[in-house]
Structures are given as structure tokens and as C-alpha cells.
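Each remark here refers to the structure printed beneath this line.
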Amino acid sequence: MSQYYYLVTGLPELSLDDNKLNYTVGDFKTEFYPQLSKEDQTLVDLYYLKFDNANLLKLLKDREAVIDSRGNYTADQFVAVFKQFDEEGVITSPGSLPSYIIKFIQAYLTQQETGVSSDVLVEDWLAGLYYEYAMQCKNDFVSSWFEFNLNTNNVLVALAARKYKLPIASFIVGDTEICQALKSSNARDFGLTTELDYFDQLLKISETDDLVDREKRLDQLRWKWMEDKTFFDYFSIERLYVFLLQLEIIERWISLDKEKGNQMFREIIDSLKGEVRVPSEF
């Protein structure tokens, strides 16, 4: 396992209350990423795939779209795969794109050809594939981080759906045992209090009326979770990974004021009411 004494000792201390940053998520990729081992670069790539997911959705709608440069892949790499499907009806040369992205592209483009639709949201289905892919990595912390986020997001969505009498199963991302419990259980805690030691915290967060305060509390939970999980990791890739995740949290809050934060949540709620769909059998 690689140790990064020089890199870690040079990192600034971060706080959730910071109102300015000397580094950004983009800076991490240009300044720190090249100094990592190939194995650890692969772990960091999993984080940046979130930008590739967003870029993919943009390019599927407009192949000339300008994409986020923080992703791992270029627009040309995506479009080359689209063209292969257009010409051959199948993707046989995926290049370096991850298997879950290829699976999604083929399903999406097949749906466009056949006009098939279902009750599965495009973004949710892609997110489910992404989490499943990332949770298979061999690094315990990184795998657990993606599982933790999948669980927290799903629990909060399930609690909101139950509150507003919406069909919970339609909004759950992924297909883990936790996902199945959220979809099928009628218990107040979905039978998960013993499975998720942070369930009660999520329940309290879900009951917070102010939407921005709710998100702040969720980020505090995330922050504490990652700090606890890496308490004894001093100079490892896990410590650098936490730094990257904390950068993202602070960067996002710096970009938001309370009005923008509330607007963000309104948009999230609106998005639950209907998006482009994909075939459920994929």
C-alpha cells in the first residue's frame, strides 16, 4: 500500500465552516492525482466518474454539448461509442469506458430505437449502476463510502416518499438488501435500525423543516462518518480520498447561499415527479 507522507503533511486543515478554499476538486486532479500510484489513481477515478455520468447524460441528448472537464473521459470517447452503436447496433469496442457505462449506453440507445419506456428514471438507473460498480472496488474505505452514500440517499428518499404518500419503490436506487427493505417494509424504520447504525440520525435529519439546514446536517453526518472511518489512516490514499470528499462538500456550500440552497432542493423535489425513462429489464 502506497504511503503519501509528503502529500498528506502538506494538506491544509479543512472545516465544514470554511468560507474559502485554496484547492478545488479540479485542482486535486491536476496537482495530486499525478503523484498517486496507478492503483490509487483507479480509486480516485471512481470519484470523478460522477462527472462522467453527468457528461454522458448531456451528450446522449446533444452530441455537441460542452461537458465538465473534471470527468475521466472526453466527449470524443463517448461519441465514438455512440457512433459504433449507430452503425452496428451493438457496442463491441468500448475503449476504456467502464462496463456499467457501456451497459447504460446500449440500453439507452436501444430504448431510443424501440420507443420502449418504463417507470425507471434515467438518472436513477445510471446512479444505481455507478454505485454497484464502485462498491465492488477492493478498497474497504472507498467501497464503504459509496455504500454509505447509497444508503443515506435512499433512506432519505424513502422517508420523504412515505411522508408525501408517493410510491417508495419508484425512487429507490440500486438493488442491495437495504434497497429491498426500503421498497417492501412497512415498519417505521423499514427494519433497518439494527442494520444501519446511523438510521436514527437520518430520521432526525428528514424531520428538519428547513431544507438548507437539513442538507447541512447531512453533510455533518457525512463528514463525521469519513473522519471516523479513517481515524487511524495517516498517510494513506484513504486520507487523501477524505480530503477530496471534504473539498467537494466545502466547495458546494461556498457556491450556495440560503436562497440558492432552497432552490436546489425545490429542483430536486420537482425532478422526482417525472423524467426520461429507461427499460426496467436492463
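Which of [x] 14.5; [y] 21.6; [z] 15.7 is the computed mean projected area of the Cα convex hull in nm² for the structure on display? Read-out taken from this structure: [z].
Here the spin labels are modelled as points 7 Å beyond Cα on the Cα-Cβ line, and at Asp213 and Gln77 they lie 4.4 nm apart. Sorted fewest first by neighbouring Cβ atoms within 10 angstrom, Asp52, Asp197 come out as Asp197, Asp52. Model label sites at Lys204 and Ser69, defined 7 Å from Cα along the beta-carbon direction, differ in position by 4.3 nm.
Distance between the pseudo-spin-label points of Lys50 and Glu31 (7 Å out from Cα toward the beta carbon): 2.0 nm. Annotation: extensible slack from Leu156 through Asp197 equals 13.3 nm (criterion: 0.36 nm per residue apart, minus Cα-Cα distance). The length gained on full extension between Asn19 and Asp140, counted as 0.36 nm times the residue separation minus their Cα-Cα distance, comes to 40.4 nm. Counting neighbouring beta carbons within 10 Å and listing from fewest to most, the residues Asp62, Asp233 come out as Asp62, Asp233. The 3J(HN,Hα) values that the Karplus relation (6.51, -1.76, 1.60; θ = phi - 60°) gives for region 7-20 are, in residue order, 5, 5, 5, x, 6, x, 6, 10, 10, 5, 8, 4, 10, 7 Hz. Gly and Pro appear as x. By the beta-carbon count within 10 Å of each Cβ, the least crowded to most crowded order of Glu227, Glu238, fewest first, is Glu227, Glu238.
To the nearest 0.05, how large is the calculated FRET efficiency for Asp228 and Gln112 if R₀ is 45 Å and r is the Cβ-Cβ distance? Once rounded, the FRET efficiency stands at 0.50.
The Glu123 and Lys163 beta-carbon pair, evaluated with R₀ = 22 Å, returns a calculated FRET efficiency of approximately 0.50.
Where a number appears in this text, it was derived from the coordinates with a stated rule and is not lab data. Not measured: the values here are computed from a predicted model. Using ideal geometry, Cβ is built from the backbone for each residue, glycine included, and neighbour counts are taken over all protein chains shown.
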